[in-house]
Amino acid sequence: QRDLLRRDPASARFLLLRPGDRLTVCTLNSQADDVRRACRRAAAPKVTPIRGEHWDEYMIRGMGSISRPVPGFGNVMLSLVSAALAAAVSQRVLLVENYTIAAVAFGEPFSELLYELSAWRPYVEAEQRAGRAVDWWAAHDAREGFERLCADNLRIDPPAKVLRVFSNFYFAPLLMHNSHHRAEIDGFAAQPLLSPERFPRVPAAHDGTAYSTGLWPRALATLLHPRAHLLRKARAFRKENFPREGTVLGMHVRSTMTHQGHEQSVECVRRVVSTANATAVLLVSMHHRDLDRLSAQLSPVVKVLRTPPAPPAQGADASHFESAVLDLLYLASTDGLLLSRGSTFGYLAAGLARRPTTIFSRTSFVGMSGTGKVGTCEVVPSTEPVFHVMGTAVRTTPSCLAASRAPASTLLRLSSLSY
């Protein structure tokens, strides 16, 4: 992209990722302690769009103190890695809209992809004004883009110079279904890939080697280069808190737990601590009451570490964002992870840590091609994140359904484990 900007910027085609969905809007309220509490699902406007109007502007036109939000960092990274793959196979310039907050925590290349700060912006704006931009949807409330992602040759379609994708999903498995691009997508993954059945059972898995292969860990290592001041803070925290010898486990709690869920989680942690002969467990969550309860019950059997307290809001300002990135760096420096079921933040931690990961809440894996099920408190047989609505995409999208009947690649199977 740098070379093209110097050499021939007028020839560029663009893929803009707009992290988010179609219809969510938020009330601008600086007093809210959590930005999510001020958000709601709105109806699509009944007025006619203005030529070249951005969907966000169309949604909030005339609505006063209303904004269009972005999802949490985990969901943003799921959609960003997916968009990066789509940009690579379509030979488009990749940019990320409405996410300049990332610049406070990450340097190049992520910081160079931020649309509002990019030298590419005037070129995109010119195409937008001329009406040469199209929107695709791969979000929880709008999925029309699934058909195109499964079937189209993205080197050719769409012909518009600006393709904007709205997404809060890991839609990369749709590209793995696409007959035009799946071989290229598979080639991006670090090898050797191990099937889900073999992944946790080979010796390499226990020293972390197997967890470094695949697509997700490689993509995160490429895109996420934390700023120096955050790396210094992470090193200082480890030096001050981690034991000099022994195994340290990291545990991330996604949401407030029921009494039954709490008891089950404690039982799982105790089991993993015993198996790993761990000397300490690092607890990370926005839910401080849950952490207090866990600390009280785990302290008799293992040293409990806590991260510095963070404000309870999600993504409200730069301090919240930096706090979340630091939590990821702390978790990534542990020797093994315990994560909540379905946590996108957990997918990030697993991909950055590249260590054995155990899901401590009750769940089962629903995979493809005979992957089978794995019970509660077992090691996840993949480092790849899951596409949360794979079943829906296959059932409701003709091209995805047709593609799913072909033998699934190992990468697709690893990316289809719902945990």
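General observations
- Span from the the stretch 58-125 Cα centroid across to the the stretch 289-311 one, whole angstrom: 36 Å
- In nm, spacing of pseudo-spin labels at residue 7 and residue 121 (7 Å Cα→C-beta vector): 2.6 nm
- Span-like helix ranges in the chain, DSSP H, alpha carbon extent 18 angstrom or more, Kyte mean at least 1.0: 73-90
- Charges were assigned to the Cβ only: +1 to each Lys and Arg, -1 to each Asp and Glu. The resulting dipole of the stretch 1-156 about its Cα centre is roughly 280 debye.
- Computed over protein heavy atoms with a 1.4 Å probe, the accessible surface of the stretch 59-134 works out to 35 Å² per residue.
- Burial order of peptide ranges 290-300, 55-65, 391-401 (average beta-carbon count within 10 Å, highest first): 391-401, 290-300, 55-65
- Of all DSSP beta bridges confined to the chain, the antiparallel ones make up roughly 20%.
- Charge sum, other residues only, whose C-beta stays under 12 Å from residue 239's C-beta, Lys/Arg counted +1 and Asp/Glu -1: +4
- Whether the stretch 207-363 is rounded, prolate or oblate, judged on the alpha carbon gyration tensor where a/c under 1.5 counts as rounded: rounded
- Shape call, the stretch 102-177: gyration tensor on alpha carbons, a/c limit 1.5: oblate
- Along principal axes, Cα extents of the stretch 181-225, largest first, whole Å: 29, 28, 12
- Here is the list for the stretch 75-181: GluC sites (Glu not before Pro) lying in DSSP coil, each with at most 14 other C-beta atoms within 10 angstrom of its C-beta, are 144.
- Point-charge dipole on Cβ atoms (K/R +1, D/E -1) for the chain, about Cα centre, debye to 20: 160 debye
- Dipole-positive endmost among 99, 150, 225 within the chain (Cβ charges, Cα centre): 150
- Neighbour-limited loop hits for GluC sites (Glu not before Pro), the stretch 172-268 (at most 15 other Cβ within 10 Å; DSSP other than H, G, I, E, B): 197, 245
- Over the chain: helical MRE at 222 nm, DSSP H runs n ≥ 4 each giving -39500 (n - 2.57), nearest 500: -11000 deg cm²/dmol
- On the chain, 52 percent of the accessible area sits on carbon and sulfur atoms, based on a 1.4 Å probe.
The values are calculated or read from the model by the stated rules, or taken from the named source; none is laboratory data. Small disclaimer: the values here were computed from a predicted structure and weren't measured. Cβ atoms come from the backbone with ideal geometry, glycine included; neighbour counts cover every protein chain shown. Just so you know, the surface numbers come from the protein's heavy atoms only, side chains and all, with ligands and any DNA or RNA stripped out. Shrake-Rupley method; radii C 1.70, N 1.55, O 1.52, S 1.80 Å.
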